Each structure stands twice: as C-alpha cells, then as structure tokens.
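Peer 1: The structure follows.
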C-alpha cells in the first residue's frame, strides 16, 4: 500500500497507489461491499431454506414451539435495531458533512443500541436455558406452552414433566425421519397430508426440538454478526476520537453502515419467521 | 524463490525502463514476501502452496492405487484406506483444484491482462491467502487427530456419527471457503472497475471471462457450503440435529445443501481452465480466436446453469421422479455451452499454423480428455443409465477425466504458458514433451480402465474387490505410476529452469494480451506506461524479433495512451 516509491504523489492520502482516482477507488470498495453482503445473504439463505423445508413438512412443530418465544422481547429488540439503523444512517451523514461531534454521538448511540439488543437477547436465552428449551440434543422442556391452561406442571426432577416425550427416543415403530422414498416426497411435494385438525397447539408434536435448533442457529449466527458489527463500530469510534473521517473521507463509516443495515434486515425476517407464526 | 533475475529481461526495444529490478527480487527478504500486497507475489505464494497440496494429494492417490493392486489388504487396512481416499479427495478438491487456477495463475495474470498495477483490493487478496493457509492447517491437523473416513463429501448421517476428526476437516473447508469467496469478490470488483481505456467487456481476454464467471460462482455458491459445514460442525459439537434423523432432522437435506455448492464448484474448477485454453489455442494456432462472443457468453451460461443441476448427484436418494427428470434435462443443457466452446477451439485451430510447444500440447490433451469426460457426463445425467452406473468406478473415471483431464491439464498448460513471464526463464521443450506424453498415457491407462470396470459393476470406494477385476485394477495402478513419473520429470525440468533456464524474452509466444507487454519477470509495478486496449487476439500486430528472441509489436505506439 504505502510503498515508498509513490509517497511523493501526495494528492489524496486515502487513495491507494493502484487506483487512478478516488472515484474509481470508492466505486471498487462499494461494489466489493455489496458483493460481500450478497454472500452474507446466501450464508443465511441456507438457514432460511432449512427453516422453510422443516416448516413446510412439519408446520405443527412451528405453531406449537413458537409460543415459547417472548413476542414482547422480540418486538423490543426489533425496535432497538431499527433505531440503531437510524442512528447509523445519521452517523454516515455526519461523516459526509464532516461533523465530528455528531458522528461520535451517533456511533456511540448505535453501539449502545447493539449492547441493548444483545442484553435483551441474553435475557431471552437465559429463559430458554432455565426451561430446557434448547437445541435438539439438549432439549429437555420443563414448562408448558404459554397458552396452556393446565398450570405449571411439577418441575420436580422425578415427576413426569408436563411435556413428556423424550425426544431422542422415537416411540414404537414410528420413524422420526420426515417421510422418505416411496412416491414424491421431500422438496417436491412438501406437506401433502392435511394436518390432524383441532388440537394442533394443544399437545406437543413430535420433534419440537427441531424448532429450537433452528431458532438457536439463526439467532446465534445473527448475534455473532451483531458482535462483529460492534467490533467495527468500536474501531470507528476510536478513529473518530482520533480525528478520522473529518476530511470528507467516510468510506469506512459508509461500509459499516451498509453492513449494519443488513444485520438489521436479517433480524426483521427472523422476528417475523420465528416469533410471529400463526 | 530467490532466483536472481535482475538482468533477466531481454531489452526489447519497445520496453522503456527494462533492466530495473523485477518483482521477484525487489524488495528483498522473507518479510517482504510474507506481507506483500503485490498480486504477483501472492500468486507465486499461492502457486507454491497449491503445488505442495497437489503433491500431497498425489501421494495419497498413489497410496490408494497401490493398496488396490491386489484384492484384500495390500499395504494398509480397510480403515486406513477409507482415510486415504478421503484425504486424497479433500486435499485435491479444497486445497488444490478450487483455488488452483484462479488464486495462483489468475492472481498473477489478471491485473497484468488489464494493464493494471494490482487487483482492486490487495489487502483482501493477502487475507485470502492466509485464510487458505489457516484452512489448510485445520484440514491437515485432522490427520493428526485421527483423520476422516467419510469421503470428501462428508455425507450425513455417517459424518455425524463416525469417530473420526470430521470437525477439524469441515472447519478447514469452511475457512478455505472464505479464501475462495475473497478471491472471487476481488476479481469481480477488479474486472468491473479497473479495465483500461478501450477494453469494453467484449474486448476482454477470454481468460478474464473465465475468471469472471468463476468468481460469480465462488461468491454465490460458497456461502451455502459455509453454512452447511457450520451446521455439520454444530451437529457434531452441540447436537443440533438438523441432519440427524434420530433428533428429527433430515440427512438428505445435507445432500441438497452440499451439492448446491459442490456442483457449481466443479465449474469453479473447469471455467478458468477453459479460459486458459482459449488464450493458448489462439496464440499457438497463430490465428484470431474463433467465435469470441460465443466463448465469452458460454462461460456465463455455464455459470448460470451450474446452479440448476445439483439434483443430478441425488438421482438415487429418493427424490421424486419429476424432480429427477427436471434435473436430468437441465444437466443435458450444460452440454450445449460446453460444446460451443470445444467447437470454437477446433475452429480456431482449423487452417492455423499450429506450433506444438508445451502449452499447445496440453491444449490438445485437454480437447481429447475433456471431450471424453464431458460426454460420459451425459451417460450419468441420463436417469436410466445412472441407476446402473452410480457409485461405480465409471463415476470416478468421469470426474477424473473432467477434473484432471480438463482442469489439471489446462492448469499445466497455463503454467507452461506463463512460466517465462512469472519467472523470466524458459524450460526445456524436449523434457516438457516427455512429461506431457507420460502424463497423457499414464492418465488414460489409469482412468480409462476405470470406465470399463465401472460399467462392469465395480463399486467405487471399496477396499476389496472380486478377482475378475484384478487386471483392471493393476492396469490402473500401473497407469498411476506412469502419471506420477510424468510429474517427477516435470518438477525436475521446471526447477532446473529456475536456475539454469535461458532468459525469457518479454513475449516468447507472440500473444497479444497485455501481460506480454511488460518485462519477464514483470517489474514491481507491472507497467511503465498506461495501455490502451485493442483486440486481444490481433496476433498480426506482433512480429518475431530475432535480436530479443521474442515477439515485439509492429507499432508499439498503437497501445499507448495518446499513441
């Protein structure tokens, strides 16, 4: 980058030597960021496909299990993230206008929102942990669904927990594999059979643990992306206190903004798909 | 690589400023290589790393073939054999052939072909290399941890239940995926934003079209492999059960995810190879490439179609008949752009004045072997024959004809084509011909016999076999030794050329693309002047110059800015 031979060029300290002008550089970085965001969408896309396949084949699991998620906390987190997207966008604007103080304030607010989001998420995870509502192998539910009327069953160890079937042991001759080979099944003819009507959410369907596996994978991976974004924002904040982004060069703020909006957008889909199911 | 080439470049008349230090020896020192942002050095580091992986994967292959010399145990037990073929596959696919052409040759050549100083994002380029190193470490640590015995596809549910070191290997492949994504991203950005004046999309060298199409697949398919392998690792570590039938998961979903990446991945392997063929066939036929636009468009067509055919790996997995028919038909459609390319290359050669130098020998090998590999792919894409042939050595032979006969042969052609540019030295044509012949004969002996035994029902991946297959297996093993010998010869004369080879002129072959407009090896900043692109296959613009021993432009001013 900063090889001595072209230190003498000296017009724009932010212009790398292999670009002809700042416009070309900005265009290249921006295109690179958009392609990176496309790879992120495809990365999450695998999980969204897994979600779709299992929900199409076993809608009763999703209708039942989503009741254990706290819609209020989910909504709160959605609001927090949308606010953070707003402050992030404002931070980009501040950097464009070379308003150093406003930039610092907005970056700090965005970072604060991100902490808030993770705090709420931690509360939610803690509840799941306490009630044994974890991914498949660790799934040992201790409570009824929120909507149930039979009261909180004995959480005593020995007593039959309110929600019984031990997930890892398929009873009888029934298989836990979503129906395979004979005839058109799988992705081709998902959920051809009508559901047994009536008591859908009343009793726990088989394999409810699949929902929690998907829930933890999706929200966990999203949470890691939030953490990554926070690390970059902290770096921007430190930079802004050292006087960076006040000379009209705001590409790092801009790119972080794009990333942050994508993280926000993915959460909105997660909120809809995991919390708000009918 | 501490070859002293400071005086290597022949002072061609139209190259101002020759004689300065080349990228190989300026700046000096190990640190200047390890932390370099120069695309040429990163390309060379990739080349060394990738050829080392190729050697490793090749040793595993020879061990597998030696084991199969006789029925029953020959040199190892069955469990070791399972680990050997898994290592062979995983090392060759993830460490060697996917990064092979784009990251090593592409990195070196792409900015040169654009007349640029570097790729658009040099730091990301270096990061990509170190991601490759980290991924390689994770993958190879699995050997110490007990190796993996699942086959390179890591199919569930076996991969979630076996006691072997699946997590290390899959995390390695996950990290290698990022390396591949970063390379692809960089190439797309570079081609979009850094083309020189005069180089419209349809004036780009076809190698760049190949790299661009490859990059699209790298960027769009690899993330899906990433999430798949992450789910597989989470399955083993946490027990999330998404692919585990005992926990309510679906193992076939893994196959869909895996092939959604891994089928496009075979086009990541072959598309840049086809780009090399397009360059070399024109230069060594002394003729303008035939059907430029069709070759360019067929690269993109293959990239698009590659995303729509993954189901042909799963014809026997319980997919519905309708799904199978659709995937079969889409699979056939890939043959169209592939054939468009092959016929255009043949038409380029038609009535050309063909020079049988080493790169061209590999082009001819490629055409022969890729035709067989491609056409046998249609046997496997046809539902009825696939039921008979699936999971036999016929499949093994088919993909080796495409991957080795296609990609590796073209990679070798590319190495021989750009070797003088990369290192400033010529190699021995005589020994190059010997090596090419050994490789061609050895390859066909190894894998054609596998077509025959596969169609007779010999299943792939088996440790043991019936006595009637002995002759085929022995012929195949002997072939693999001949193949290995060919590579030993190649390694010997290439290494020899680094030290004792004749100095290479700037343009030894008469190519009209921009990488031949700089010294051999290039200077750290590639070009002393800005270039204006014209027709990259206008070979008549060049003329043999006996003084420099290479080709020079009749009118050097024609490609200079303002010239």
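The values are calculated or read from the model by the stated rules, or taken from the named source; none is laboratory data. All of these numbers come straight from a predicted model, not from anything done at the bench. Because the Cβ atoms are built from the backbone with ideal geometry, glycine has one as well, and the counts that use them run over all protein chains shown.
Peer 1: Taking residue A:43 as meeting all but one of (1) buried (at least 20 other Cβ atoms within 10 Å of the Cβ); (2) within 30 Å of residue A:139 (Cα to Cα); (3) away from chain B (no Cβ under 14 Å); (4) at pLDDT 95 or above, write down the number of the exception.
Peer 2: Here residue A:43 clears every test but (3).
Peer 1: Quick check on residue A:26: is it touching a residue at least 24 places away in the same chain (Cβ under 8 Å) and under 22 Å from residue A:228 (Cβ atoms)?
Peer 2: no
Peer 1: For the condition farther than 21 Å from residue B:279 by Cα, in a helix (DSSP H, G or I) and within 19 Å of the chain's Cα centre (by Cα), what is the one hit in B:233, B:173?
Peer 2: When all the criteria are applied, what remains is B:173.
Peer 1: Collect the residues in the range B:401-456 that are over 20 Å from residue B:88 (Cβ atoms), in a helix (DSSP H, G or I), in contact with a helix residue (DSSP H, G or I) (Cβ under 8 Å, 6 or more places away or on another chain) and free of Cβ contacts under 8 Å to residues at least 60 places away in the same chain, keeping them in residue-number order. Walk me through how you get there before you give the answer.
Peer 2: Narrowing the range B:401-456 to residues over 20 Å from residue B:88 (Cβ atoms): B:410, B:413-438, B:440-441, B:452, B:455-456.
Remaining after also requiring in a helix (DSSP H, G or I): B:410, B:413-423, B:429-438, B:440-441, B:452, B:455.
Those left that are additionally in contact with a helix residue (DSSP H, G or I) (Cβ under 8 Å, 6 or more places away or on another chain): B:410, B:413-419, B:421-423, B:429, B:431-438, B:440-441, B:452, B:455.
Those that are over 20 Å from residue B:88 (Cβ atoms), in a helix (DSSP H, G or I), in contact with a helix residue (DSSP H, G or I) (Cβ under 8 Å, 6 or more places away or on another chain) and free of Cβ contacts under 8 Å to residues at least 60 places away in the same chain: B:416, B:434, B:435, B:437, B:438, B:441, B:452.
Peer 1: Test residue A:251 against the stated conditions and say whether it is touching a helix residue (DSSP H, G or I) at 6+ places or on another chain (Cβ under 7 Å), more than 24 Å from residue A:21 (Cα to Cα) and within 14 Å of chain B (Cβ to nearest Cβ).
Peer 2: no
Peer 1: Could I ask something else about it? Taking residue B:315 as the residue in question, decide whether it is within 14 Å of chain A (Cβ to nearest Cβ), buried (at least 19 other Cβ atoms within 10 Å of the Cβ), in contact with a helix residue (DSSP H, G or I) (Cβ under 7 Å, 6 or more places away or on another chain) and assigned to a loop (DSSP other than H, G, I, E, B).
Peer 2: yes
Peer 1: Follow-up question, since we're still on this one. Which of the residues belonging to the range B:221-254 are crowded, with 22+ Cβ neighbours inside 10 Å, under 27 Å from residue A:208 (Cβ atoms) and more than 8 Å from chain A (Cβ to nearest Cβ)?
Peer 2: Result: B:229, B:232, B:235, B:243, B:254.
Peer 1: Looking at (1) away from chain A (no Cβ under 14 Å); (2) assigned to a loop (DSSP other than H, G, I, E, B), which is the one condition that is false for residue B:528?
Peer 2: Only one criterion is unmet by residue B:528, namely (1).
Here's the yes/no breakdown for (1) within 14 Å of chain B (Cβ to nearest Cβ); (2) under 18 Å from the mean Cα position of the chain (by Cα); (3) modelled with pLDDT of 50 or more:
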residue: A:181; (1), (2), (3): yes, no, no
residue: A:190; (1), (2), (3): yes, no, no
residue: A:205; (1), (2), (3): yes, no, yes
residue: A:224; (1), (2), (3): yes, yes, yes
residue: A:230; (1), (2), (3): no, yes, yes
residue: A:234; (1), (2), (3): no, no, yes
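Peer 1: Let me ask another. Scan the range B:150-204 residue by residue and report those that are in contact with a strand residue (DSSP E or B) (Cβ under 7 Å, 6 or more places away or on another chain) and under 16 Å from residue B:262 (Cα atoms).
Peer 2: If the condition is that a residue be in contact with a strand residue (DSSP E or B) (Cβ under 7 Å, 6 or more places away or on another chain) and under 16 Å from residue B:262 (Cα atoms), then no residue fits.
Peer 1: For residue B:132, all conditions in the list (1) buried (at least 23 other Cβ atoms within 10 Å of the Cβ); (2) closer than 17 Å to residue B:229 by Cβ; (3) within 12 Å of another protein chain (Cβ to nearest Cβ) hold save one; what is the number of the exception?
Peer 2: Every listed condition holds for residue B:132 apart from (3).
Peer 1: Can you confirm whether the range A:82-90 contains a residue that is in a helix (DSSP H, G or I), touching a residue at least 40 places away in the same chain (Cβ under 8 Å) and within 24 Å of residue B:242 (Cβ to Cβ)?
Peer 2: no
Peer 1: Which residues, taken from the range B:108-123, are assigned to a helix (DSSP H, G or I) and either within 14 Å of chain A (Cβ to nearest Cβ) or without any contact (Cβ under 8 Å) to a residue 12 or more places away in the chain (or both)?
Peer 2: Selection gives B:110, B:111, B:112, B:122, B:123.
Peer 1: Has the range A:50-67 got any residue that is within 12 Å of chain B (Cβ to nearest Cβ) and surrounded by fewer than 18 Cβ atoms within 10 Å (Cβ to Cβ)?
Peer 2: For the range A:50-67, residues within 12 Å of chain B (Cβ to nearest Cβ) and surrounded by fewer than 18 Cβ atoms within 10 Å (Cβ to Cβ): present.
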